[in-house]
Structure formats: structure tokens, C-alpha cells
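Have a look at the structure below, then the notes.
Here, each number is a calculation from the coordinates, and none is a lab measurement. Values in this document were obtained by computation on a predicted structure and should not be read as measured data. As a convention, Cβ positions derive from the backbone with ideal geometry for all residues, glycine included, and neighbour counts pool all protein chains shown.
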């Protein structure tokens with residue numbers, strides 16, 4: 001399967017890694033972000049995450065690939081290691097699928113084989129290893145289709161959750 005385009009939204013864009021992460025956090029946030037309503041540029045949480053990356057991995061270089069995925073850093077060993085740096089594992093499922101999507105993208109769009117993923121949580125000194133198997137590939141393909149459907153539909157109604165109060169979109173959704 002090839003990556004789906006937002007056929008009715010913007011035919012030159014593909015699903016981004018951030019959108020895959022948002023899919024697991026909030027469908028409204030996903031839709032708003034995809035429609036260029038970006039509230040996170042001034043978010044304290046986003047700034048803390050950037051500082052964590054800069055302070056914990058000073059020697060590592062970020063990679064923006066095709067303006068689609070933004071990988072925190074890559075290491076070349078026996079295989080290709082793709083690393084994502086996160087503050088806490090509170091949204092671990094979102095982190096995992098964002099990284100799995102990066103691995104899927106590299107495999108399908110760049111013909112890179114033998115990719116392994118790591119989520120690095122430097123504050124708690126935890127590292128989670130991910131591998132992309134056939135079941136995960138099918139899940140990613142299904143998620144890509146669902147994201148495209150959400151983006152091409154009307155804005156989803158916000159669903160209240162415990163993370164809403166810390167979200168950069170809080171006022172837009174709830175006030």
C-alpha cells in the first residue's frame with residue numbers, strides 16, 4: 001500500500017508523524033492541526049520538549065524527511081535506528097505509533113530496510129525498542145486511512161479527557 005493523500009483537502013500533502021500521534025490523543029486536535037490551525041507554537045509543553053531534546057542529545061541531529069516526518073535523531077549501526085525523544089511515557093501509545101509510522105514511511109517511501117525504532121525518555125532514563133512487523137504494518141495502513149477520513153470530514157466534536165487542560169487547543173475547544 002502507498003501512503004494516502006488528503007484527496008479533497010490538499011492533494012500535495014501526506015499524513016505526517018505528528019498527525020499519527022494526534023490520532024491517539026484527540027481527533028479534534030488532529031483535524032485542527034491538519035487544517036493549519038496550530039496552537040502549539042507558543043505551548044509551554046512543546047517548548048519544554050524541545051529543550052529536553054537540545055539538552056539531552058546535544059550531538060544528535062534532527063532529520064526532516066520530505067516535510068512529512070521529523071525524526072529526533074538517527075543512528076546507523078547494523079541497522080538503521082530511528083530515535084524519538086519524549087518527556088514522559090504518559091501518552092506512550094501515541095509515541096509508539098508515531099515512531100512505527102516513521103519506520104513504515106522509511107520502509108515504503110525510501111526503501112530503507114532493517115529499521116529499528118527507539119523511544120527515549122531521558123528524564124526517567126527509559127528506552128523502549130520497537131520493531132515493525134506485518135501486523136503493525138497493517139495497523140499503520142488502517143490508521144493512515146482513518147486519519148485521511150477524519151481530515152476530509154467535518155471537524156470532530158471535542159471529547160473531554162484528563163489531558164485537555166494542558167492542551168494548547170483547550171480554549172479553542174472548551175471556552
For the residue 134, residue 62 Cβ pair and Förster radius 22 Å, calculated FRET efficiency rounded to 0.05 is 0.15
Distance in nm between residue 111 and residue 25 label points, each 7 Å along Cα→Cβ, equals 3.5
Expressed in nanometres to one decimal, the distance between label points 7 Å along Cα→Cβ at residue 92 and residue 76 is 3.3
Listing 128, 115, 20 by rising number of other beta-carbon atoms within 10 angstrom, fewest first, gives 128, 115, 20
